[in-house]
Amino acid sequence: MQTSTINIENIRRDFPILQRKVRNNKPLVYFDNAATTQKPIQVINSIHNYYLNYNSNIHRAVHQLAEEATAAYELTRDKVAKFINIKNREELIFVRGTTEAINLVSYSWGRQNVQKGDIVLTTEYEHHSNIVPWQLLTKEKEAKLEYIGVDDNGELILDQLNAYLDTGRVKLVTFSHMSNVLGTITNADEIIKQCHKKGVKVLVDAAQSVPHMKVDLQKLDCDFFAFSAHKMLGPTGVGVLWARKAILENMQPFNGGGDMIREVHKYETTWNDLPYKFEAGTPNIADVIGFSAALDYLENIGMDKVREHEIELTKYALEKMLTIKGIKLYGTPDMKKRGGVISFNLGDIHPHDLATIIDEDGVAIRSGHHCAQVLMERLDVSATSRASFYIYNTKEEVDVFIRSLNRAKELFRI
Ligand code: 7TS
């Protein structure tokens, strides 16, 4: 049970849930990692340990428990800084997830900087969380929301970017670093270079990239960067927004309340320093602490190895899937440009029916529009099925998945 890059047997032992039997007493084959990943025992124990031994609010009291909890919470910030290679830890804000990070930018930065007639430019392969906040903003401001199109290979049509930039009205370009449906890896460097030539700010939705490949923010010269802990072995309810200090300092707070203030008087308040200005109220202490263990786990494996393992598994799965008559695969076949996400349709079987049938064999995949209805319209389908991989998945599991697809095909006589 091994790809050429990592020892999966050792890894699988750290994930108690993978020992579970699901429907019909079948071993669980978990291929819904783009939605959320499973958690290793190290993450579970870390949260457990916090509640057992040093549960306390942070940044407030001087007693020992508060000191320990504050230190553990702030240690995660240092680890995130190292993981994505940023110099200023105060530029990292803990939020609930990618969705909240994007809403924070749209609310706090967008309302100050986007005016009537301006353009916010996104793409046709965004998750709803990188569309709806911009719809809210542009409607309120009488600005325009525009889209970079997707070609038949599932890649962005970058000529359209330049056409929009040439209008001189674009205030922000925002895109997913990796599509959660097609797996396409966006040519972020090129987009950022073009945008910065014209002084346009760039937000990168890294929900699907940071968990699966090495991302270095010293090299990726964007302005805002967002991702979620739960898609990279960490707990739910924790995400990260990174933005440049100069931008954050000029932004209004998102939420008002405790911890984000320096002084509050009857009619006036001054703000706390970064990053606390954007972390109002008691944060998700336990899960931020748990996220540390997830970062350690991935660092120990090495992100280059994570990526290599997924390439090997995806290649293997794509080859096998192509032998199934009637299958339609979406996205580019070029593994340099894609991650471990495979969207497909099998004949005219509805994706929900397909997912239900293969669930009988213990295989968990996602079916539906994947919160990407704009992309579904572009692909001219109402839904797809989607298998997505992570470090604990094996070629043997891909074989189970392929057998199950063939069983569905026979059942539907296609
Ligand atoms: N952006 C992308 C590219 C995503 O894939 C997701 C979640 C989000 C943003 C939102 O992240 P959240 O942590 O705030 O929810 N994607 C998926 C998915 O593909 N299936 O379930 C959630």
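The values are calculated or read from the model by the stated rules, or taken from the named source; none is laboratory data. Only a predicted model underlies this, so the values are computations on that prediction, with no experimental measurement involved. Here the Cβ positions follow ideal geometry from the backbone for every residue, glycine too, while neighbour counts run over all protein chains shown.
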Does any residue of the stretch 333-344 turn out to be at pLDDT below 95, away from the ligand (no atom under 15 Å from the Cβ), outside the structural domain of residue 125 (by TED's automatic domain parsing) and within 25 Å of residue 6 (Cα to Cα)?
-> yes
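Out of the stretch 210-229, which residues are within 13 Å of the chain's Cα centre (by Cα) and surrounded by 24 or more Cβ atoms within 10 Å (Cβ to Cβ)? Quick ask: steps written out before the conclusion?
Restricting attention to the stretch 210-229, the residues satisfying the condition of being within 13 Å of the chain's Cα centre (by Cα) are 210-213, 215, 225-229.
Listed by number, the residues that qualify are 210, 211, 212, 225, 226, 227, 228, 229.
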Filter the stretch 362-373 for residues that are over 20 Å from residue 406 (Cα atoms) and surrounded by 22 or more Cβ atoms within 10 Å (Cβ to Cβ); which is nearest to the ligand (Cβ to nearest atom)?
-> 370
Restricted to the stretch 274-327 and to residues being more than 19 Å from the chain's Cα centre (by Cα) and small (Gly, Ala, Ser), the residue farthest from residue 243 (Cα to Cα) is 326
Residues that are surrounded by fewer than 22 Cβ atoms within 10 Å (Cβ to Cβ) and of a type in the set (Gly, Ala, Ser), drawn from the stretch 130-162 = 143, 149
Of (1) within 30 Å of residue 277 (Cα to Cα); (2) part of a helix (DSSP H, G or I); (3) in contact (Cβ under 8 Å) with a residue 40 or more places away in the chain, residue 164 fails just (1)
Would you pick out the residues in the stretch 252-269 that are in contact with a strand residue (DSSP E or B) (Cβ under 8 Å, 6 or more places away or on another chain) and either surrounded by 18 or more Cβ atoms within 10 Å (Cβ to Cβ) or within 20 Å of residue 105 (Cα to Cα) (or both)?
-> 253, 256, 260, 261
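Rundown of residues vs (1) closer than 25 Å to residue 260 by Cα; (2) away from the ligand (no atom under 15 Å from the Cβ), yes/no style:
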residue	(1), (2)
97	yes, no
101	yes, no
119	no, yes
137	yes, yes
When residues of the stretch 345-361 are limited to those that are out of contact with any Phe, Trp or Tyr (no Cβ under 9 Å at 6 or more places or on another chain) and away from the ligand (no atom under 16 Å from the Cβ), the one farthest from residue 157 (Cα to Cα) | 360
Any idea which of (1) surrounded by 15 or more Cβ atoms within 10 Å (Cβ to Cβ); (2) under 18 Å from residue 285 (Cβ atoms); (3) over 21 Å from the mean Cα position of the chain (by Cα) is the one residue 71 doesn't satisfy?
-> (1)
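If only one of 281, 290 is crowded, with 19+ Cβ neighbours inside 10 Å and either touching a His at 6+ places or on another chain (Cβ under 9 Å) or of a type outside the set (D, E, K, R) (or both), which one is it?
Details: 281 fails: crowded, with 19+ Cβ neighbours inside 10 Å.
Sole residue among the options that is crowded, with 19+ Cβ neighbours inside 10 Å and either touching a His at 6+ places or on another chain (Cβ under 9 Å) or of a type outside the set (D, E, K, R) (or both): 290.
So if I check each of 318, 313, which one is outside the structural domain of residue 69 (by TED's automatic domain parsing), out of contact with any helix residue (DSSP H, G or I) (no Cβ under 7 Å at 6 or more places or on another chain), modelled with pLDDT of 95 or more and of a type in the set (A, V, I, L, M, F, W, C)?
Numbers: 313 fails: out of contact with any helix residue (DSSP H, G or I) (no Cβ under 7 Å at 6 or more places or on another chain).
Among 318, 313, only 318 is outside the structural domain of residue 69 (by TED's automatic domain parsing), out of contact with any helix residue (DSSP H, G or I) (no Cβ under 7 Å at 6 or more places or on another chain), modelled with pLDDT of 95 or more and of a type in the set (A, V, I, L, M, F, W, C).
Give the stretch 251-273 a look and list any residue that's touching a residue at least 40 places away in the same chain (Cβ under 8 Å) and under 26 Å from the mean Cα position of the chain (by Cα), or say none. Don't jump to the end; show me each part of the working.
Within the stretch 251-273, the first condition is being touching a residue at least 40 places away in the same chain (Cβ under 8 Å), and the residues that meet it are 251-254, 259, 273.
Residues satisfying the conditions are 251, 252, 253, 254.
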Select the strands (runs of 3 or more DSSP E) contained entirely in the stretch 173-277, then report the ones holding at least 1 residues which are closer than 22 Å to residue 386 by Cα.
-> 201-205, 224-228
Counted residues in the stretch 311-338 being over 30 Å from residue 412 (Cβ atoms), part of a helix (DSSP H, G or I) and not aliphatic (A, V, I, L, M) come to 3
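Yes/no per residue for (1) under 30 Å from residue 281 (Cβ atoms); (2) away from the ligand (no atom under 16 Å from the Cβ); (3) outside the structural domain of residue 250 (by TED's automatic domain parsing):
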{"position": "91", "(1), (2), (3)": "yes, yes, no"}
{"position": "112", "(1), (2), (3)": "yes, yes, no"}
{"position": "123", "(1), (2), (3)": "no, no, no"}
{"position": "126", "(1), (2), (3)": "yes, no, no"}
{"position": "132", "(1), (2), (3)": "yes, no, no"}
{"position": "161", "(1), (2), (3)": "no, yes, no"}
{"position": "168", "(1), (2), (3)": "no, yes, no"}
{"position": "178", "(1), (2), (3)": "no, no, no"}
